[in-house]
Amino acid sequence: MIDTDFLPPFQPGTVWLAGAGPGDPGLLTLLAYHGLRHADVVVYDALVDERILAMASTAIHEYAGKRGGQPSADQTDISQRLVALAREGKRVLRLKGGDPFVFGRGAQECEFLLKEGIAFRIVPGITSGIGGLAYAGIPLTSRDTNTAVSFLTGHTAGGDIPDDVDWDSLSKGSPVLVIYMGSRHLVRIRDRLIAAGRRQDEPVALISHATTPRQRVVTTTLARCVDDLAASGLGPPMLIVVGPTVAYAGKLGGCRP
């Protein structure tokens, strides 16, 4: 058992919004683990690993997941449930895959809690765009390749690709792109990047179920990525990495235990 006496107490009637990391339980932060051990109720998302939920063995587990193209809990209902549980005096852990503030609805839930006068704590987590790349042997930055990187989502809440992305500026200004949840729209993303000037032979990595026992990585090129994705049979959750650091996957990818 880890000694967590030096960590802040999880007070009754409060909500902790915690990141569960990209999948591997070993990537939990110590503060998130502390929350799991002391929570009365865990309200968790679709991508939270069952091994992580098992750490909250004395808590009630409530599923509140959202997955693209599948029936999902309404965001307002989730926020109202957090408030109701806190007002019952529960210690409520809102557990989200990755980091609650990276392409999640953490900010919306915090605003709702503020409006309702519920005290909360934000517990950052390792986002898949960092942890998932590391497990694939792909550095976000390298002195030999890039000094900038951009994160973007491959689809909006409505299911389409974002309409507020300046693809020309993004393509020219960021050597490495990390795209979350983009597999459904890979054809359009590829076409927009090529039209904006990215090379057709630019390295691309497709990372499925990052950091979990189901992780698979396909390295390809921008021109071939759509065909290679179809041939691979890989499914979401998926990260798409575009840029020169993908070349490291061939050298460092085999070092993962």
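Is it fair to say L133 is in contact (Cβ under 8 Å) with a residue 24 or more places away in the chain, surrounded by fewer than 17 Cβ atoms within 10 Å (Cβ to Cβ), assigned to a helix (DSSP H, G or I) and not charged (D, E, K, R)?
no
Can you say whether A107 is surrounded by fewer than 21 Cβ atoms within 10 Å (Cβ to Cβ), within 16 Å of the chain's Cα centre (by Cα) and free of Cβ contacts under 8 Å to residues at least 12 places away in the same chain, as far as the supplied structure shows? Spell out how you get there, then give the answer.
Working: surrounded by fewer than 21 Cβ atoms within 10 Å (Cβ to Cβ): yes; within 16 Å of the chain's Cα centre (by Cα): yes; free of Cβ contacts under 8 Å to residues at least 12 places away in the same chain: yes.
For A107, the condition - surrounded by fewer than 21 Cβ atoms within 10 Å (Cβ to Cβ), within 16 Å of the chain's Cα centre (by Cα) and free of Cβ contacts under 8 Å to residues at least 12 places away in the same chain - is met.
Checking the condition surrounded by 15 or more Cβ atoms within 10 Å (Cβ to Cβ), modelled with pLDDT of 95 or more and part of a strand (DSSP E or B), which residue from L177, L186, L140 passes?
Testing whether each residue is surrounded by 15 or more Cβ atoms within 10 Å (Cβ to Cβ), modelled with pLDDT of 95 or more and part of a strand (DSSP E or B) leaves just L177.
Which residue pairs have Cβ atoms closer than 6 Å, lie 6 or more positions apart in sequence or on different chains, and pair a first residue in the range 34-46 that is hydrophobic (A, V, I, L, M, F, W, C) with a second residue that is modelled with pLDDT under 95?
Cβ pairs passing all conditions: V43/A64; A46/G65; A46/R67.
Inspect all residues belonging to the range 236-251 and state whether any of them is in a helix (DSSP H, G or I) and over 18 Å from T141 (Cα atoms). If you could, list the steps in order and put the result at the bottom.
Taking the range 236-251 as the starting set, the residues that turn out to be in a helix (DSSP H, G or I) are 244-251.
Going one step further and asking which of them are over 18 Å from T141 (Cα atoms), we end up with none.
Checked against the condition, which is being in a helix (DSSP H, G or I) and over 18 Å from T141 (Cα atoms), the range 236-251 yields no hits at all.
Please work out which residue is nearest to M238 (Cα to Cα), limiting yourself to the range 119-129 and to residues that are aliphatic (A, V, I, L, M) and either buried (at least 20 other Cβ atoms within 10 Å of the Cβ) or at pLDDT below 95 (or both).
I126
Being hydrophobic (A, V, I, L, M, F, W, C) and without any contact (Cβ under 8 Å) to a residue 24 or more places away in the chain, is that true of even one residue in the range 235-257?
no
Could you identify the single residue in V48, V43 that is in a strand (DSSP E or B) and not acidic (D, E)? If you could, list the steps in order and put the result at the bottom.
On the way: V48 fails: in a strand (DSSP E or B).
Just one listed residue meets the conditions, V43.
The values are calculated or read from the model by the stated rules, or taken from the named source; none is laboratory data. Keep in mind that what you see is a predicted model, and the values were worked out from it rather than measured. Note that we place each Cβ from the backbone using ideal geometry, even for glycine, and neighbour counts take in every protein chain shown.
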